[in-house]
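Asks: Have a look at this one before I ask anything.
The values are calculated or read from the model by the stated rules, or taken from the named source; none is laboratory data. These numbers come from a predicted model, not from an experiment. Note that we place each Cβ from the backbone using ideal geometry, even for glycine, and neighbour counts take in every protein chain shown. Areas reflect the complete protein model, heavy atoms only, side chains present, ligands, DNA and RNA absent. Shrake-Rupley method; radii C 1.70, N 1.55, O 1.52, S 1.80 Å.
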Amino acid sequence: MKRSTFKLLFYINKQKIKSNGKCPIMGRITLDGKVSQYSTGEEVDPVYWDAKSGRTITKGKRTEELNRLKLVNEHLEELEERAKQAYRKNSDTVGYVSAEIIKNAITGRAQAKEMLLELFDEHNEEYAKRVGIDRVRHSYVRYLTSRKHLYNFLQYKYGVEDILLRSLDMQFIHDFNFYLSTVLKLKLVSLNDYLIALRKIIRLAIKQRTLKRDPFSDTEWKLRLLSIAT
């Protein structure tokens, strides 16, 4: 992944002074020119805020006020470290990160999954809860195996642990099919089971609007021809 311009900043929103005279402390993430802002859940009297450091002023304060201001700063340090970890994790493991992804990691806010295996894991967790109710364990195990094969394929082909859903295309389907048939030497029945599982996840991505186009629409006829020929 190319080098990004990543900046973190804390500031107070003076446009929203509360009845107690305090202003909310906001966080701002800037990544490659794109900005995402969020509330830290903290507030402070403007006289105790240092805009340059993005922290509360603790020097020369009364013990009671000093302790409260220190706690605010500790929370801001924690949020900053959480942001840095999210940046490193996404940069190193999947090669993609955005200001919005970092914000969601900081706030813990749920978001539509942008990565293939993340969405696969979410699907499998929900599927597991339905086993014995309206789903069978055999199918659940097949999804787990499909996920494992996809992970190994991503390591084998791209050297990554996950991939953006929006980057999936006909070539990806073709390469995964080739990997299953040549590297793993799977029989056609098993191979198609794993492709069907992948298509299920892709349909979920389309449903949540992470993916706009179904890459299988270009390859389905080829897979059918492969089945007939074999």
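Asks: Looking only at residues in region 113-143 that are outside any helix (DSSP H, G or I) and closer than 21 Å to residue 214 by Cβ, which one is least open to solvent (accessible area, probe 1.4 Å)?
Replies: The extreme case among them is 115.
Asks: Can you name every residue in region 63-88 that is free of Cβ contacts under 8 Å to residues at least 12 places away in the same chain and within 19 Å of residue 5 (Cα to Cα)?
Replies: Within region 63-88, 81, 88 meet the criteria.
Asks: Looking at 119, 186, which one is touching a Leu at 6+ places or on another chain (Cβ under 8 Å) and without any contact (Cβ under 8 Å) to a residue 12 or more places away in the chain?
Replies: None of the other options fit; the residue is 186.
Asks: Moving to a separate point now. Return yes or no: is residue 69 open to solvent by less than 40 Å² (accessible area, probe 1.4 Å) and over 12 Å from the mean Cα position of the chain (by Cα)?
Replies: yes
Asks: Kindly provide the set of residues from region 207-216 that are part of a helix (DSSP H, G or I) and surrounded by 14 or more Cβ atoms within 10 Å (Cβ to Cβ), ordered by number.
Replies: The answer is 215, 216.
Asks: Something else now. For residue 96, are the conditions met, namely being crowded, with 16+ Cβ neighbours inside 10 Å, at pLDDT 85 or above and aromatic (Phe, Trp, Tyr)?
Replies: no
Asks: Sticking with this structure for a sec: Could you identify the single residue in 98, 91 that is in contact with a Leu (Cβ under 8 Å, 6 or more places away or on another chain) and either hydroxyl-bearing (Ser, Thr, Tyr) or closer than 30 Å to residue 115 by Cβ (or both)?
Replies: 98
Asks: Moving to a separate point now. Of all residues in region 160-179, how many are part of a loop (DSSP other than H, G, I, E, B) and open to solvent by 60 Å² or more (accessible area, probe 1.4 Å)?
Replies: Taking region 160-179 and keeping what is part of a loop (DSSP other than H, G, I, E, B), we get 160-163, 168-169.
In the following step, the residues that additionally are open to solvent by 60 Å² or more (accessible area, probe 1.4 Å) were identified as 161, 169.
Qualifying residue count, region 160-179: 2.
Asks: Starting from region 190-207, keep only residues that are more than 14 Å from residue 168 (Cα to Cα), then list their pairs with residues that are modelled with pLDDT under 90 whose Cβ atoms are within a distance under 8 Å, requiring at least 6 positions of separation or different chains.
Replies: Correct list of pairs: 192/223; 192/227.
Asks: Okay, next question. Quickly run through region 1-36 and pick out the residues that are open to solvent by 90 Å² or more (accessible area, probe 1.4 Å), in contact (Cβ under 8 Å) with a residue 40 or more places away in the chain and part of a strand (DSSP E or B).
Replies: Matches in region 1-36: 34 only.
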